[in-house]
């Protein structure tokens, strides 16, 4: 009878666990030296927990656009040489690492569907130190926002567009600075992290960013085209509907306490067990039939098992007791 109630309890937990779990790309998975930045992605993209950030770096000219990864805390030095810092002096909620974007036309992020990431649900943004101080004080290229009197209706606007399978879903506007108020006391330049909610868009898998400003000259926008991004919330999908094929691998036991047994399989090319943050806590390749996977060291909880073989990819949930 005791075993019966334990089984029922486990089933209740499994059934109450939604097929979609949320993970956060916080950029803390990059190994950066203190007060440094990373700005040369090998494949033109940085990958943080399944969030792909575009990066276009030219080593011949030391020029770039898209996103860089940074942990620089300098919120007081003006100018281009401090282009990798956030005005908040850290990442969201005081974290070490965040992303900086130089928007040349547009920059973008997208989900890595091979890592079973389904959508981008929201993220935090703020100004870079370079853009903030340029707007506050003016510089050799850009005006001081508000002008001499403080009455100029200046603005610095981030336009966020969400796409699903290439189709535009909707857009959100975030004013990184706004001096259009009749009461100058309401004018502001954003100096803290604010949340951008995309949950009403319809689950975008690709997000683009565009910047516009009231300060425009003959060569385009004068305001430095930078902003910072952190803690992107994403939906991780383990639903049977997301399986690329329906082959069963005779996985047992599930729930499991010490070891998983896999039988009746063709040769496995890759096996991963992924935790709720999107980290592959176990990873193997080129495995054979009747494989035994030790999970005794894993904390209790719900994980995703991802198996790739010659026929495709299989995803399911496992419960660690």
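Kindly provide the set of residues from the range 206-241 that are part of a loop (DSSP other than H, G, I, E, B) and touching a helix residue (DSSP H, G or I) at 6+ places or on another chain (Cβ under 7 Å), ordered by number. Please lay out each step first, then the result.
Our first condition is that a residue be part of a loop (DSSP other than H, G, I, E, B); within the range 206-241, this holds for 214-215, 218-219, 222-225, 238-239.
Within the range 206-241, 223, 224 qualify.
Restricting to the range 112-158, what's the tally of residues that are part of a helix (DSSP H, G or I), crowded, with 16+ Cβ neighbours inside 10 Å and at pLDDT 95 or above? Steps first, answer last, please.
Taking the range 112-158 first, the residues part of a helix (DSSP H, G or I) are 113-115, 129-137.
Now drop any that are not crowded, with 16+ Cβ neighbours inside 10 Å, which leaves 115, 129-136.
Add one more test, that the residue is at pLDDT 95 or above, and what stays is 129-136.
Selection size over the range 112-158: 8.
Give the number of residues within the range 259-268 that are loosely packed, with under 14 Cβ neighbours inside 10 Å and either within 32 Å of the chain's Cα centre (by Cα) or modelled with pLDDT of 80 or more (or both).
Of the residues in the range 259-268, the ones loosely packed, with under 14 Cβ neighbours inside 10 Å are 259, 263-264, 266-267.
From what is left, the residues that are either within 32 Å of the chain's Cα centre (by Cα) or modelled with pLDDT of 80 or more (or both) are 259.
Total meeting the criteria: 1.
Which fully enclosed strands (runs of 3 or more DSSP E) of the range 33-97 have 3 or more residues being assigned by TED's automatic domain parsing to the domain that holds residue 127 and surrounded by fewer than 21 Cβ atoms within 10 Å (Cβ to Cβ)?
51-58, 63-70
For residue 217, indicate whether it is more than 29 Å from the chain's Cα centre (by Cα) and modelled with pLDDT of 90 or more.
On the way: more than 29 Å from the chain's Cα centre (by Cα): yes; modelled with pLDDT of 90 or more: yes.
Against the criterion (more than 29 Å from the chain's Cα centre (by Cα) and modelled with pLDDT of 90 or more), residue 217 qualifies.
The values are calculated or read from the model by the stated rules, or taken from the named source; none is laboratory data. These numbers come from a predicted model, not from an experiment. Every residue, glycine as well, gets a Cβ built from its backbone with ideal geometry; the counts of neighbours run over all protein chains shown.
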